[in-house]
Amino acid sequence: MLTDATYFAAPDLAPARHLQRAGQWDAALALVPDTPEGRLLRADILVDQHCWRLDPVQDALTAVDSVRPEHPEAAAFLIGQLEYWRRLQRPAAPEIAGDPVDTFKALAADTRFGGWTGFWYGVALELLNRDPTGAAAAYTRALDEALFCGDLLLESYAVRHLGGQAYEAGETERAIELMERSYDLRAARGARPHIAAAQAALADVLGDSRRVARLRSAVSATAEELGLTWLK
């Protein structure tokens, strides 16, 4: 699991990464070379696809196992994501790994992941451990990392979740501002599944308006086209 910037800088990996971000996982997999970094990207793509579609997890697990000897920390990070989504969306399914909060915490300071492990630590604290205070600190650190690295997608996730916390605190105007920023950043990155999730989150804080209906219609269309199970 490397950062977008790392993959985009590699001519043999960049096309697959761009397709992954567009939600074209099958097309992305067809372009991944059989190299050590290519196998890592393949595992990343399959985990990403599972987290959006909640399809059978075995292909993702097999791909992660194949890179574990060469990339143990990245494999742990990817497995942590699979277990996070299992606990969040399918708690009755068999356990995949140990506590993802512990996994993400152990990797949070690893600079190879460009702030993403710290973000995942925050979201796991918030949604699995119900610790919004600890999560807010992690999101803020992730935002600082994103701004330092110029990672628009990570920035979009940090501000989206800080926006969610602002909404819960009754700061609706601030929440809308942050959700709008998240939506714009994901559009700039060309990350279609992520854009749909940002549209859904923005619709949740805007109240009752014609714009909300348009946002939800767009979310529905994208979710149907790309098979985004939990957004349908």
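What are the residue pairs meeting all of these: first residue in the range 112-126, first residue at positive phi, second residue in a helix (DSSP H, G or I) and among the small types (G, A, S), Cβ atoms under 6 Å, and 6 or more apart or on different chains?
From residues that are at positive phi, the pairs are G115/A142; G115/A146.
Within the range 29-79, can you find the residues that are in contact with an Asp or Glu (Cβ under 9 Å, 6 or more places away or on another chain), surrounded by fewer than 18 Cβ atoms within 10 Å (Cβ to Cβ) and within 25 Å of D102 (Cβ to Cβ)?
E73
I need every pair where a residue in the range 89-107 that is closer than 20 Å to P72 by Cβ has its Cβ under 7 Å from the Cβ of a residue that is outside any helix (DSSP H, G or I) and of a type in the set (S, T, N, Q), sequence separation at least 6 or different chains.
V101/N129
Please work out which one of (1) buried (at least 18 other Cβ atoms within 10 Å of the Cβ); (2) at positive phi is the condition L82 fails and give its number.
(2)
Assess whether E155 counts as being over 15 Å from the mean Cα position of the chain (by Cα) and of a type in the set (D, E).
So E155 fails the test.
Can you list the helices (runs of 4 or more DSSP H) lying wholly within the range 1-88 that have 3 or more residues being in contact with a Pro (Cβ under 7 Å, 6 or more places away or on another chain)?
Numbers: elements: 4-8, 14-21, 25-31, 36-53, 58-67.
In the range 1-88, no matching helices (runs of 4 or more DSSP H) lie anywhere.
Name the single residue, out of those in the range 149-171 being touching a residue at least 12 places away in the same chain (Cβ under 8 Å) and surrounded by fewer than 14 Cβ atoms within 10 Å (Cβ to Cβ), that is nearest to A203 (Cα to Cα).
E168
Give me the pairs, please: first residue somewhere in the range 34-54 and modelled with pLDDT of 95 or more, second residue anywhere and part of a helix (DSSP H, G or I) and charged (D, E, K, R), beta-carbon distance under 6 Å, and either six or more positions apart or on two chains.
Listed pairs, sorted by first residue: L46/D59.
Being hydrophobic (A, V, I, L, M, F, W, C) and closer than 19 Å to Y7 by Cα is the requirement here; does V47 meet it?
Yes, satisfied.
Would you check which residues across the range 6-29 are free of Cβ contacts under 8 Å to residues at least 12 places away in the same chain and small (G, A, S) and list them?
Answer for the range 6-29, where residues must be free of Cβ contacts under 8 Å to residues at least 12 places away in the same chain and small (G, A, S): A9, A14, A27.
Could you grab me the full set of residues in the range 129-165 that are closer than 28 Å to A22 by Cβ, in a helix (DSSP H, G or I) and not hydrophobic (A, V, I, L, M, F, W, C)?
The answer is Y139, D144, E145, E155, S156, Y157, R160, H161, G163, G164.
Restricting the range 1-13 to residues that are crowded, with 16+ Cβ neighbours inside 10 Å and aliphatic (A, V, I, L, M), which is nearest to V32 (Cα to Cα)?
L13
The values are calculated or read from the model by the stated rules, or taken from the named source; none is laboratory data. Just so we're clear, the structure is a prediction, and the values are computed from it rather than from any experiment. As a convention, Cβ positions derive from the backbone with ideal geometry for all residues, glycine included, and neighbour counts pool all protein chains shown.
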